[in-house]
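Okay, structure first, notes after.
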Amino acid sequence: MNRVTQQFAFSKRNPDLPIMGAAYAKTDPDIMPFAYGFPAPQAFPIAAFQEASQSALLLEGTRALQYTGGPGQKRVQAWIAQRSPLRGIKPEEDQLIVTTGSMQAIDMVTRVLTDEGDEVWVESPSFFGTIRSFITNGLNIRSFPIDEDGLCVDELEAALQKAEQTGGKMPKLLYIMPNYQNPSGATLSFARREKLARLALRYNFYILEDDAYVDLSFSGEYLPSVYSFAPKRVVYISTFSKIIAPGVRMGWAIADSQVIERMKLFKSDGYTSVFVQEVVGQMLQKMDYTAHMNRINEMYRSRRDVMVTELCRVFGDQIDFQVPDGGFFLWVRFPEGVNTTEMLTHALECGVSFLDGQNFYLEGVDGTRFARLCYTYCDEESIKKGVAALHEAWRRSHSLR
């Protein structure tokens, strides 16, 4: 008996979007993966993980393996609370939640603070993972440019004033990455942080402050969080992915207790892995975190310097970019007429990958001259090979025009 196969109507929250991020991983070991947004494998504290895993099982195994977990959760929260004053944040217990990575925090905040059709404003360029989360939640997204000092707050203020005067749509939420922004590497200046906080209070919107890279400061200097200027209108999130390992899938959010309480309603996995929290809690209690981060930042600073030197040596004045003081990425602008999406095919043939700039902009905003290059994952020799391959890809792409 023949049956007619009908087209199934999937949820409208699942638009047709290409695969990006961690799924965009290299399959050829000979390709230098500048496309990755990964920490260096050498940065992972393997010995500390081994010791902490054993301690978690031997000391708290029966509790740590239960649904509700053991004391590791309290240790993790206490560590976050103790470090937060470095950012000008002093959270109470009911103002903090540990999440399954920072992307879960972003999703939960979006569900709590917005409804379908609401207005959300972002930086331009911005992290594609968050943009996709906003799209799948049915939000209207508007972008504002950044420069070497981060988000152009004056332009955002002008848009707020115009919307108020004309009855236009006000944002419910503004998404920013204030430190070593992904992809640009820009850091939001002190004056702009303070002004942005005042605008959130004045125009009654929330700021989602994604501070994933804050500890990756090559100078050891830190600016106060935007949250510190307006704790009633900012949700601050960060992650262990860049400082411990992304495989632990742990992040956190700090916000007004009413926001945190509502976020818990959307924590469909109950508790963030209680056993992983037990292991990480043991690690944080015993390891020299300052020495750990000093080692990582020294490694990443060296790799950044090698990539900057090689790009300048090989490309000369054909490209330009801002040298970030931390984070993972260089945001490279190619000459007029270059399309990095088309150039990517040549790059893979030459033995290097990168993320083309168009992925970091909203539809209708041109990012075709840009490329995001990650300097943290590859060692120095691989970076040199990758930059040479990138130049060859550019040369091939350029000769075909």
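The values are calculated or read from the model by the stated rules, or taken from the named source; none is laboratory data. What you see is a predicted model, and the numbers here were worked out from it, not measured in a lab. Reconstructed Cβ throughout: ideal geometry from the backbone, glycine too, with neighbour counts over all protein chains shown. Protein only, heavy atoms only, side chains kept; ligands, DNA and RNA dropped before computing areas. Shrake-Rupley method; radii C 1.70, N 1.55, O 1.52, S 1.80 Å.
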Out of 84, 102, sole residue that is touching a strand residue (DSSP E or B) at 6+ places or on another chain (Cβ under 6 Å), among the polar types (S, T, N, Q), open to solvent by less than 40 Å² (accessible area, probe 1.4 Å) and closer than 27 Å to residue 171 by Cβ
102
Residue list for the range 128-138, filter: open to solvent by less than 40 Å² (accessible area, probe 1.4 Å) and under 19 Å from the mean Cα position of the chain (by Cα):
128, 129, 130, 131, 133, 134, 137
Take the residues in the range 90-126 that are under 15 Å from residue 207 (Cα atoms) and not in a helix (DSSP H, G or I); name whichever of them is farthest from the chain's Cα centre (by Cα).
118
Check the range 207-221 and report whether any residue there is of a type in the set (Val, Ile, Thr) and in contact with a Pro (Cβ under 9 Å, 6 or more places away or on another chain).
yes
One residue from 116, 92, 123 being open to solvent by 50 Å² or more (accessible area, probe 1.4 Å) and touching a residue at least 24 places away in the same chain (Cβ under 8 Å):
92
Do you know which of the residues in the range 182-202 that are assigned to a loop (DSSP other than H, G, I, E, B) and of a type in the set (A, V, I, L, M) is farthest from residue 84 (Cα to Cα)?
186
Restricting attention to the range 354-372, which residues are within 14 Å of residue 330 (Cα to Cα) and buried (at least 20 other Cβ atoms within 10 Å of the Cβ)?
354, 355, 356, 357, 360, 370, 371, 372
With of a type in the set (Phe, Trp, Tyr), in contact (Cβ under 8 Å) with a residue 60 or more places away in the chain, surrounded by fewer than 21 Cβ atoms within 10 Å (Cβ to Cβ) and within 20 Å of residue 69 (Cβ to Cβ) as the only criterion, which of 275, 315 stands out?
275
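Listed here are the residues, each with its yes/no results for (1) part of a loop (DSSP other than H, G, I, E, B); (2) farther than 20 Å from residue 145 by Cα; (3) modelled with pLDDT under 95.
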| position | (1), (2), (3) |
| --- | --- |
| 330 | no, no, no |
| 342 | no, yes, yes |
| 359 | no, no, yes |
| 365 | yes, no, yes |
For the range 294-312, the count of residues that are surrounded by 17 or more Cβ atoms within 10 Å (Cβ to Cβ) and closer than 19 Å to residue 240 by Cα equals 4
Please enumerate the residues belonging to the range 126-152 that are touching a residue at least 24 places away in the same chain (Cβ under 8 Å) and either aromatic (Phe, Trp, Tyr) or closer than 14 Å to residue 209 by Cβ (or both).
126, 127, 128, 130, 134, 150, 151
Can you name the condition, by its number, that residue 143 falls short on among (1) touching a helix residue (DSSP H, G or I) at 6+ places or on another chain (Cβ under 6 Å); (2) under 19 Å from residue 362 (Cβ atoms)?
(1)
Do the conditions hold for residue 154, that is, is it under 30 Å from residue 300 (Cβ atoms) and either out of contact with any Gly (no Cβ under 6 Å at 6 or more places or on another chain) or not polar (S, T, N, Q) (or both)?
no
Pairs, please: C-beta under 9 Å, at least 6 apart or cross-chain, first residue under 10 Å from residue 87 (Cβ atoms) and surrounded by 24 or more Cβ atoms within 10 Å (Cβ to Cβ) and in the range 204-215, second modelled with pLDDT under 95 and of a type in the set (D, E, K, R)?
none
Here the qualifying pairs (Cβ atoms under 7 Å; residues six or more apart or on different chains; first in the range 319-339 and free of Cβ contacts under 8 Å to residues at least 24 places away in the same chain; second in a loop (DSSP other than H, G, I, E, B)) come out as 319/334
Neighbours by Cβ (under 6 Å, 6+ apart or cross-chain): first from the range 376-393, farther than 21 Å from residue 298 by Cβ and open to solvent by 60 Å² or more (accessible area, probe 1.4 Å); second among the aliphatic types (A, V, I, L, M) and not in a helix (DSSP H, G or I)
385/32
Picking from 229, 240, 218, which residue would you name as being open to solvent by 10 Å² or more (accessible area, probe 1.4 Å), over 25 Å from residue 119 (Cβ atoms) and out of contact with any Cys (no Cβ under 9 Å at 6 or more places or on another chain)?
218
Only residues that are among the small types (Gly, Ala, Ser) and touching a strand residue (DSSP E or B) at 6+ places or on another chain (Cβ under 9 Å): list them for the range 342-401, please.
347, 351, 353, 357, 367, 371, 382, 386, 388, 389, 393
